[in-house]
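Worksheet: the structure to be examined is printed underneath.
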Amino acid sequence: MTSTATVPAPVTRPLDLGAAALLILICAIWGGNTTAVKIASEGISPVFQAGLRSIGSGVLLMFWCWFRGIRLFKLDGSLWLGLLVGVLFSLEFGLLYVGLSMTEVSRAVLFIFTAPFVTALGAHFFVPSERLTPLKWLGLLLAFTAVAVVFSSGLTMPKPDQILGDLLCLAMGITWGIENVIIKVSRLSRIEPERILFYDLSVSAVLLMGGALLIGEAGIFAPSLRVFAGLAFAIVAVSFASYLIFTGMLRRYEAAALASFIFLSPIFGVMIATLLLGEPLTLPLLIALGLNALGIVLVNRKPRQAHRVKRPCGTKRS
């Protein structure tokens, strides 16, 4: 039995404790994503790998929607916007996968996570209820500074290929932010998150696999358990589960609040490397975690409201 109920327009609200915990988990998953992509790239060419990810996640999504009774195809006027965000999604991951093949993960994440700034800035101009106050601007800047502190300590003079890879990753971050803004301000904010993700995955599967064939990529050239483990993590944890949950949160919660947490993702990437690869827990990382925590507090701080005490008529102040 399929669901035909129209999803009401969501009202954005500040993050509650449960949503914050869920968002931290998503950030941890995203923190491991660039490493998983890099590992899978040892045996699968980049654009072809991105296409495989969309196909695998799309199949999982269709099973999920069948199980939940969610209709993926409806005549509700969302088709052209859905195709647009699908094209942007394809562009994002084409840029990311090619960029990661040319630069280091520690450099790439610094540029990818410009996306929260773009999302919060777009919401500031197009969603009246999400204007950025000076305190929220400060919180976002502190959160981004935390990322810069972590990665600037390890950056060396880039090679020409690295510069191009950096620019591709920067373009990915900007494109990702633009897609998030479109979802927040358009008709797509009224449809199920599963359908938004289906637009992303179905369009990108066609465009990325077609692009890989057109440019003559090798496809799977060095299969191994390690390579397929990286691909599986990207398919199941990142592209299916985390994107589905985050798309739903994007419709319900304030963009600035989400943005402040997303800056945890690259820091989680360093922490994962510390735990799994034995890399040192450095002072810059500890400073960054403190700055990020402060930024999150500032962005999510509720404004004080003046409370008037009503007195019965005729009473006097003491």
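Read the figures in this text as sums done on the coordinates, not as results from a lab. Nothing here was measured: the structure is a model prediction, and the numbers come from that model. Neighbour counts run over all protein chains shown; Cβ positions are idealised from the backbone, glycine included.
In a simple Cβ point-charge model (Lys, Arg +1; Asp, Glu -1; nothing else charged), the range 23-300 has a dipole of about 600 debye relative to its Cα centre.
Take the Cα of Arg71, step 7 Å toward its Cβ, do the same at Val59, and the gap between the two points is 2.7 nm. Within the same chain, aspartates and glutamates fewer than 8 places from Lys38 are excluded, and of the rest, those with a Cα less than 18 Å from its Cα are Glu92, Glu104, Asp161, Asp166, Glu217, Glu279. The order of the peptides 246-252, 201-207, 213-219 by mean Cβ neighbours within 10 Å, most packed first, is 201-207, 246-252, 213-219. Summing charges over all other residues whose Cβ lies under 15 Å from the Cβ of Gly122, with Lys and Arg as +1 and Asp and Glu as -1, gives +1. Note on the range 158-203 and the range 70-114: Cα centroid distance 4 Å, given to the nearest whole angstrom. For Tyr253, the amide hydrogen comes within under 5 Å of the amide hydrogens of Arg13, counting only partners 5 or more places away or on other chains and with H modelled in the peptide plane.
Scoring 164-170, 42-48, 61-67 by mean Cβ neighbours within 10 Å over their residues and listing the highest first yields 42-48, 164-170, 61-67. The share of Cα pairs per 10 Å bin across the range 23-300, counted from zero up to the longest distance, runs 7, 29, 37, 22, 5, 0 percent. Rounded to 0.05, the FRET efficiency of the Ser129 and Val206 pair, given R0 = 51 Å and the Cβ-Cβ distance, is 0.90. Given a Förster distance of 22 angstrom, what is the FRET efficiency for Leu138 paired with Asp16, based on the Cβ-Cβ distance and rounded to 0.05? The computed FRET efficiency comes out at 0.45.
Here the spin labels are modelled as points 7 Å beyond Cα on the Cα-Cβ line, and at Leu84 and Leu214 they lie 2.2 nm apart. In the range 23-300, with Lys and Arg counted as +1 and Asp and Glu as -1 at Cβ, which of these residues, Ala222, Leu140, Leu100, has the Cα nearest the positive end of the dipole, that is, farthest along it? After comparing all options, I get Leu140.
Judged by the mean number of other Cβ atoms found within 10 Å, the most tightly packed of the peptides 118-129, 26-37 leads the ranking 26-37, 118-129. Taking other residues whose beta carbon is less than 12 angstrom from the beta carbon of Ile178, and scoring Lys, Arg as +1 and Asp, Glu as -1, yields -1.
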